[in-house]
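The block underneath contains the structure these notes are about, expressed in structure tokens.
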Amino acid sequence: MAETRKDRSYLVSLIRERQTVLTVGLDSDSQRLPDIIKGDILAFNRAIIEATRDVCVAYKINFAFYEALGLKGWEILGKTIAHIGDQHFIIADAKRGDIGNTSEMYAKAVFDHLGCDAITVNPYMGSDSVKPFLRDGKWVIILAYTSNTGSSDFQKLKLENGKKLYEAVMETTSTYGNAANTMYVIGATHPEELKQIRANFPEHFFLIPGVGAQGGDLDAVLKAGLNKDGGLLINASRSIIYASSGSDFAEKGREEAERMNVVMRKYVDKKS
């Protein structure tokens, strides 16, 4: 069976069909799994995926939680991606960023072998760390203005021209690709800046972490960031996958996803 092409039209149609921009983050930590799972991350992931398939458009897999387990973690990673299948957008949250030939190897690993649709990339080394990931039908998600508390250490630094560093990063990297293959990570903890970012980049998709456990305001993000195509992938990880530590963890995770969707549909429906 031919692989589904996850281009911009696919992503837009998925958002319109499901009336949501929800992305479920599989940051699965064996130390936090419900007792009933007995440390089986793959079983946990499969249960979360089955419970949320019809209420999200994407899954974001944080590679660190799998790489930390060595070879076993890579096996779980591959089987998790295979279980998600072809009806969702799959993000490799790997935050790669290196010189060209190394980036090409990372791209082969994530796109050719694991079959992910997008990868998060640190652009600090410039075009070398971004362009090798620009492939037909694949996406690069560039770290711009992140949700962590340390984001202001560098990202908000003012340059001589008056722009902030993250603004310069977005302007420059937007010339490497286009709105059909390049997204940006913008933290939900920056809703005011998001308004201006959307004005400056009306067509690009933004991956938005920081809603849920990090305290981002879902309504504020939707008001500031949605465009006619949706234009956002709002990620929730801990608030969904750890919604319960009991045997009902998957059911409670779905309930949290549904709660977020009630809010999202108010805005997505108006835009689509």
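Pairs under 7 Å by beta carbon, first residue buried (at least 22 other Cβ atoms within 10 Å of the Cβ) in segment 171-195, partner part of a loop (DSSP other than H, G, I, E, B) and hydrophobic (A, V, I, L, M, F, W, C), six or more apart or different chains?
173/130
Please work out which one of (1) open to solvent by 50 Å² or more (accessible area, probe 1.4 Å); (2) under 25 Å from residue 22 (Cβ atoms); (3) touching a helix residue (DSSP H, G or I) at 6+ places or on another chain (Cβ under 7 Å); (4) aromatic (Phe, Trp, Tyr) is the condition residue 74 fails and give its number.
Tallying (1) open to solvent by 50 Å² or more (accessible area, probe 1.4 Å); (2) under 25 Å from residue 22 (Cβ atoms); (3) touching a helix residue (DSSP H, G or I) at 6+ places or on another chain (Cβ under 7 Å); (4) aromatic (Phe, Trp, Tyr), residue 74 fails exactly one: (2).
Have a look at 27, 54 and point out the one that is open to solvent by 10 Å² or more (accessible area, probe 1.4 Å), in contact (Cβ under 8 Å) with a residue 60 or more places away in the chain and under 20 Å from the mean Cα position of the chain (by Cα).
27
Looking at 98, 128, which is the one that is in a loop (DSSP other than H, G, I, E, B) and at pLDDT below 95? Let's see the steps before the verdict.
Working: 128 fails: in a loop (DSSP other than H, G, I, E, B).
That would be 98, the only listed residue that is in a loop (DSSP other than H, G, I, E, B) and at pLDDT below 95.
Which condition does residue 246 not pass, out of (1) touching a residue at least 60 places away in the same chain (Cβ under 8 Å); (2) open to solvent by less than 10 Å² (accessible area, probe 1.4 Å), if it passes all the others?
(2)
Are there any pairs, at least 6 apart or on different chains, whose C-beta atoms fall under 8 Å, with the first in segment 117-136 and under 13 Å from residue 101 (Cα atoms) and small (Gly, Ala, Ser) and the second assigned to a strand (DSSP E or B) and open to solvent by 30 Å² or more (accessible area, probe 1.4 Å), and if so, which?
Pairs that qualify, where the first residue is under 13 Å from residue 101 (Cα atoms) and small (Gly, Ala, Ser) and the partner is assigned to a strand (DSSP E or B) and open to solvent by 30 Å² or more (accessible area, probe 1.4 Å), are 129/96.
Condition test on residue 101, is it closer than 30 Å to residue 19 by Cβ, open to solvent by 20 Å² or more (accessible area, probe 1.4 Å) and not acidic (Asp, Glu)? Explain how you work it out, then say what you get.
Details: closer than 30 Å to residue 19 by Cβ: no; open to solvent by 20 Å² or more (accessible area, probe 1.4 Å): yes; not acidic (Asp, Glu): yes.
No, not satisfied.
Looking at the structure I just gave you, is residue 178 of a type outside the set (D, E, K, R), more than 20 Å from residue 4 (Cβ to Cβ) and in contact with a Gly (Cβ under 7 Å, 6 or more places away or on another chain)? Give the steps one after another, and end with the answer.
Numbers: of a type outside the set (D, E, K, R): yes; more than 20 Å from residue 4 (Cβ to Cβ): yes; in contact with a Gly (Cβ under 7 Å, 6 or more places away or on another chain): no.
Here the answer is no, as residue 178 does not meet what is asked.
The values are calculated or read from the model by the stated rules, or taken from the named source; none is laboratory data. Quantities reported herein were computed from a predicted structural model and do not represent experimental measurements. Cβ coordinates were reconstructed from backbone atoms using ideal geometry, including for glycine residues, and neighbour counts include every protein chain displayed. All accessible areas refer to the heavy atoms of the entire protein, side chains included, with ligands and DNA or RNA removed. Shrake-Rupley method; radii C 1.70, N 1.55, O 1.52, S 1.80 Å.
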